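In what follows, a single structure is set out as structure tokens and then discussed.
Only the coordinates and a few stated rules stand behind these numbers; no lab work does. Just so you know, these numbers come straight off a predicted model, no measurement behind them. Virtual Cβ from ideal backbone geometry, glycine too; neighbours counted across all protein chains shown.
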Amino acid sequence: MRKIEKSKKIGTISAVMLTLSIVVSYVTSSLPRAFINETKSATLLNIIYITAIVLFIILLFCRLIQKFPGLDLLDISYFLGGNLLKNIVGSCFIFYFVVSSGLMLRNFCEGLVVVYYPLTSYIFVILMFIVAIAFVNKLGFNSTLNTAAIVFPLVLISIILLFCGNLGNFSFRRIYPVLGDGFYNTFILGLKNIGAFGGICYLYFIPSMLKDPSKLKKIAVISVISTGLFIFLCVATLLFMFSFFINADEIMPLFSAARYIEFGSFFQRFESVFLLIWIISFGCYLSISCKFSTHIFNKMFKLSDMKPILNIFLILIFAISIFPKNYASSNFFEIHIYRYLRIAIGFILGMTILILANLKKKKVGDKN
Amino acid sequence: MKIKNIINNVFKYTPNKTYNFTLPDIPRDSDNNSYNNEKSNKSQKIYTSISVNLDYIKTKYNLLINSDIISREFILNAKGKQYKALLLHIDGMVDSQILNDFVLEPLMMRNKNNLFDGEQNRVISEAITNNITVRKVKKFNLADYIENCLIPQNNIKQTDSFDEIFSGVNAGNCALFVDTLGIGFDIDIKGFKQRSIDKPENEVVIKGAHEAFVENIRTNTSLLRRFTNNENLVIENLEVGDITKTKCAVCYMQNIANSDLVAEVKYRINNLDIDSLLSVGQLEQLISDNNSLGLPKAISTERPDNAVQHILEGRVVVLVNGSPFALILPAIMIDFLTSPEDRNLKSIFANFLRGIRILAAFFSLLLPGIYVSVTSFHIEILPTELLYSILAARESVPFPIIFEILIMEISFEIIREASLRVPSPIGSTIGIVGGLVVGQAAVSAGIVSPILIIIVAITALSSFAIPDYSFSFHLRVFRFLFIFLGYIAGFLGIGIGLLVYLSIICDMESFGVSYSLPYSSMENLKNIGILLPPIWKREFRASYLATKKNRKQDDISMHWKFNKG
Amino acid sequence: MIKISNLLKRIIIIIIIVIFIFSFSSSYDSLNIDNLAFVVALGIDKSTENKFNITFEFIVPKPSSEGASETEPVLESVECSSITNGINIMNSYLGKKINLSHCKLIIFSEELAKEGISDEIYSLINEVQVRPSANIVVSKCNTKYYIENSVPSLENLVPKYYDIFPNTSDYTGYTCNATIGDFFNSLICNYCDPYAILGGVSSSETNSQAETLDDASIKSTETPITGGRLAQNIGLAVFNNDKLVGELNAIETVCFLSIKKEVHSFLISIVDPQDSNSKIDIYITPNSTHKIDVDFVNGTPYIKIKLDFSGKIYSMSKDSHYLDADVLDAISSSCNSYLESQFSSYLYKTSTIFESDINELGLYALSEFITTTEFDNYDWLTNYKNSTFDVDINTTMDSGFLLTQT
């Protein structure tokens, strides 16, 4: 039999789309609200500040990982601390991916139930996503990436439409007072918002999948900047439009902004079309999370075929998403626990391992 | 024990058995730098030795694998002497009767003409001076002799370059080489069957050739030859079917098409264990990759110019004896929304039409589903006036919307199928009768609402706007899935359905080429074309085909307008 | 054995589909177009017996085989203790579920508005179906009476009329496209106050009172209009926080809109500088160079408003010289002084009498503060009444229209 091994490699643009489509799901559920509630009118300043910090971190990351071309975080932690560390790191990230997608799914579906399916239990809406992802998981890794690459431009168009359609409702003076809740709140407490760049975590595992590993730096920088721009656009829309986000909450902030769009008297009330696009994009996000978790799991235990395990992670996500008793408790989870988890695992754990591995490499190099 | 088996069957790990073939990014022997390096090669002169000539022809025409190129070696009689000779022609393009009677017979048969040694006429003048006879002797020229005396043909030309000979052969002439002669004869005995070739019926274009494939494979290959007019076109014969032994021809440009692709096509066709093969449609299903959506994975065309266009792009064309269609491999999704007419139009219009077709595909797939979900879940999206006209129209309709739309969709499918079966004079009227009369009657009887008739009609029209028959089939069937999803959960259902649908499409491959290109991974965009570029900009062959020659025209193709450099 | 697992797969798929059909069917039934009654206007009144008297306006489409469908508005009222309860009672009465997603107009009665309507607004905004772009009207009379009389004189469809009439503010400036979303937005923010369209029904006898009025100072119920439709929407209802505190007449609404930059053109009548007995009509278009500055003098706001307009003269009489620079200057200065007096009186009226910053002037004060806490401590809304205004209006007269000189 002539068989040519299927290439699992990701191209540069696909990789950028991958990290961006993860941000989309954050943004459409609750992220902008958290941003605005914490830093008030200084949100835009805060986003620029945070983007700069993340850019700095990611440049450091690129520098650190340069010593290990083509290796991902798992290989590096194996190099640093053997199988044990590799498994610990892998489990941490799997836990992080599964928990984050579970909670995100719950929040998104709660929003959907409120808006369109008042008499349906949220469990069925979640189940609908889960069944769809089960179908998608049967397909290859690349299919999800390609889908994300098709859907993301649509999402981008929807967000730009949201921004332009609401231009008439904007008052740009809402960025004042410049510092919002004060310097401390904006720049020190505001550091918590770094979790918004959660999509960057996926970059740790990308190097071994890239078509051209030397482009990692380019990918990383482009993803960070475009993520920043994307969040900026969304938050700016909300901030300029509403005065009430500072004092009140809405369940899906971008959705409520979409409700205001009007182009003449005929094109009104088409927020459900926005939701349609975001649903597809959210599905992509879930599938990506699932596949990354499986990829890590397979790498930890050196399995060759990822398909049988995929659905186990899916069931885990389902379990986590129906775990919180109501919206309040899932929201509590997200704001008070999960955000710190995101920072702890996504940024601190990953970077620490990279730094230590670099030190070790230097030592080994010195000995030789 | 049985339960154990069931559990085992459900949870047991079965290794992934899918067959994968992926085209490499860069072909093994590629030549991407220059546009045309053949021009620089000097035209090869014809050799005097017939065996050397034969070898040269063999390499040029790939005689060993090319099925329709015929080289006939024989012994030529001239002036009582015998010479080795070689006749080269393309089967299907020459008139065999003329070839036999008026080329081969006078040359091979011993008759007065070629037995006559001409000694009598050799001496033109003779003068005897001092007992020395000085004879002015006519120098014997074999080539002229053959041309003048042996071949009773009206159009014959001597040439010493292979290029001229080949272009003649490609055009349907026959070439004669004779041992010891450094020239060849280009004999015009063109005789392809032109009367039997009909106009294409399904792919009608306005600005383009009006020729269609016929059932005879030899005629079809000659059509391809005529359009290509190049010796690099290889037509290989394969036989499929234990009983029928149907002849299939695999056609490709040997200096353009990716050899892995060609090998894969031949590999798949050679490894078919079936009794019979009667049509292209069967072959398409037999050789295309796994396909859960029923999407076509090969373009079938009845237009030779379209087939040749694709061959020159670096694709492979498969012909089956007995089918007036050619199969073009590989094909990606956008190919089915492209009409052969597109290339003849200015790019603005072509792109406009392409946009319309994409929109039509979208409507055809989703419009009824969106209607169901909007009226069941997302009423706020309707403009208020439209809402009230829908409400007014639905006032007397007794059925729920889902039932109403299913009735209409299914009856439209029945009408469409019926109009195919009915003999053609009535066939055209049944569409009108079915569409208008039934629709109008249903509305006035209060069974369906007029708005719904509009929706169903737009959907049906949209599916006719799709150029490819089997692609529009796919849309027609999957439309019902989206109606159902829209009915279950509105836009959530449709969104989820689209997610799965898009993912499956992105997962599909046709002969190692990703089916969703170029709209998915937005890389290597060289001339794949989300939009069709203007004709002077079509410099590259589609990069996903990994052709041996990437460029198909120069940077500046219109030299008359811009000087190069 | 493989077949068994395939069978199992199929069974699972079928079960899943059935589950979905059942789980979503309840939502489907409740949202299906056939089971819904679409409200086009919602009137909320104060009731003597219970808390509210809610009036719903429905449209019953009459199918006609050809051409436009004819419609007929239907009004239903209910006494209830909350809006949601009212909807609920009405649902059971109608036998259809009330859907507010096409509700164009939400009308509060003057009585209710004076007592404060923040609770009602909050719960309306909390309702998914209510569009933030629905217009909010304060009616000077009974809301049911207002809705009954809001029958368009030129169109067949009531919702179309509801859709269009607030848009006249673009070129008349006499009413305002006030939406419930804006209302909520201003209610909740700490530097602005909400406003609504002022609606009313004129008594059917001719208005003897209206004849004495200036054309520009009309407002709902005090208009010189006599026509088929009695409901009028002219002027603006001003709220302080959530309580109705006053009304603005037509020209004041024009001032309000020009400071908000939401009017494209309007018409004013000024005294002719050449002949003090006659008036000339001028068509004014605002230029984009509006400038508003807020300073603080001794802790009270000092608000500088500089507005640029350009005007064209409608009125023509026998000896008009609208190409003459002197004449134009005279008209400009007359126009300036007229507008300045109107703007200042409008501003002082809203700030000192109504104590309400409906123009969101606080937005311009935001940049004077560095943090939100500072701004909160300053408490703009209570300090606004002490503001001093400096209005500077610059009008450039261009010419007449077709005739330039007579």
>> Quick check: residue separation of C:L75 and C:K62 times 0.36 nm, minus the Cα distance between them. What number comes out in nm?
In response: 3.1 nm
> With a ≥ b ≥ c the root eigenvalues of the C-alpha gyration tensor of segment C:35-259, is it rounded (a/c under 1.5), prolate (a/b larger than b/c) or oblate?
Replying inline: oblate
> Helix C:83-94 versus the longest principal axis of chain C: what angle, 0 to 90°, nearest 10, using Cα atoms?
Replying inline: 60
>> Using 22 Å as the Cα-Cα cut-off, could you pick out the over-long pairs in C:K62/C:K160; B:K84/B:K157; A:K211/A:K299; B:K190/B:K548?
In response: B:K190/B:K548
>> For the protein assembly as shown, what does the helix formula give at 222 nm: sum of -39500 (n - 2.57) over DSSP H segments with n ≥ 4, over the residue count, nearest 500 deg cm²/dmol?
In response: -14000 deg cm²/dmol
> When N counts the residues of segment C:265-406, how does its alpha-carbon radius of gyration compare numerically with 2.2 N^0.38 Å, as a ratio?
Replying inline: 1.30
>> Could you tell me the calculated FRET efficiency between C:N88 and A:F332, based on Cβ-Cβ distance and R0 = 45 angstrom, to the nearest 0.05?
In response: 0.90
>> Counting only other chains, and only Cβ atoms inside 10 Å, what mean value do you get across the residues of A:220-232?
In response: 0
>> As an exercise, identify the chymotrypsin sites (Phe, Trp or Tyr not before Pro) in segment C:350-406 lying in DSSP coil whose Cβ has no more than 15 other Cβ atoms within 10 Å.
In response: C:F401
> In nm, to one decimal, how far is the modelled label at B:I458 from the one at A:A344, with both set 7 Å along Cα→Cβ?
Replying inline: 5.4
> According to the square roots a ≥ b ≥ c of the eigenvalues of the Cα gyration tensor, what is the shape class of segment A:300-366, taking rounded for a/c under 1.5, prolate for a/b larger than b/c otherwise, and oblate for the remainder?
Replying inline: oblate
> At B:E73 and A:F263, where each label point lies 7 Å from the Cα along Cα→Cβ, what is the point-to-point distance in nanometres?
Replying inline: 7.4
> Roughly speaking, what is the centre-to-centre gap between segment B:404-454 and segment A:130-166 when only Cα atoms are used, to the nearest Å?
Replying inline: 37
>> I'd like the mean, over residues of A:277-286, of how many other protein chain beta carbons sit within 10 Å of each residue's own Cβ.
In response: 4
>> Need the C-alpha centroid separation for segment B:154-233 versus segment C:116-144, integer Å.
In response: 81
>> With the crude spin-label approximation of a point 7 Å out along Cα→Cβ, what separation in nm comes out for A:L119 versus C:E49?
In response: 3.0
> Where in segment B:54-98 does the label zone of B:D144 land, with the point 7 angstrom along Cα→C-beta and an amide N cut-off under 17 Å?
Replying inline: B:79
> chain C: percent of C-alpha pairs farther apart than 27 Å?
Replying inline: 59
> How much net charge surrounds B:K199 when only other residues with a Cβ under 11 Å from its Cβ are counted (Lys, Arg +1; Asp, Glu -1)?
Replying inline: -4
> So what is the diffusion coefficient of chain B in µm² per second by Stokes-Einstein at 20 °C and 1.002 mPa s, using a Kirkwood Rh over Cα pairs?
Replying inline: 75
> Hey, can you rank A:45-55, C:78-88 by average C-beta count inside 10 Å, highest first?
Replying inline: A:45-55, C:78-88
> Which distance in Å, rounded to a whole number, links the C-alpha centroids of segment C:295-319 and segment A:53-72?
Replying inline: 59
> How crowded by other chains is C:102-114, given as the mean number of beta carbons from other chains within 10 Å of each beta carbon?
Replying inline: 1
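Let me make sure I get this right: for the protein assembly as shown, a, b and c are the square roots of the gyration tensor eigenvalues over alpha carbons, sorted descending. Under 1.5 in a/c it's rounded, otherwise prolate if a/b > b/c, else oblate. Which is it?
Prolate.
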> Relative to the present Cα-Cα distance, how much length would full extension add between B:L286 and B:W560 at 0.36 nm per residue of separation?
Replying inline: 93.8 nm
> Efficiency by 1/(1 + (r/R0)^6): what FRET value for C:N6 and B:F480, r their Cβ-Cβ distance, R0 = 22 Å, to the nearest 0.05?
Replying inline: 0.45
>> Using the Kirkwood formula on the Cα atoms of chain A, what hydrodynamic radius do you get, in angstrom to one decimal?
In response: 21.3
> What is the list of residues in segment C:370-401 whose amide nitrogen lies under 15 Å from a point 7 angstrom out from the Cα of C:D281, following Cα to Cβ?
Replying inline: C:400-401
> PRE reach from C:T300 (point 7 Å along Cα→Cβ): which of segment C:382-397 fall under 12 Å by backbone N?
Replying inline: C:383-389
>> Let's test the formula: R0 of 45 Å, r as the Cβ-Cβ distance of B:D273 and B:E417. What FRET efficiency results, to the nearest 0.05?
In response: 0.85
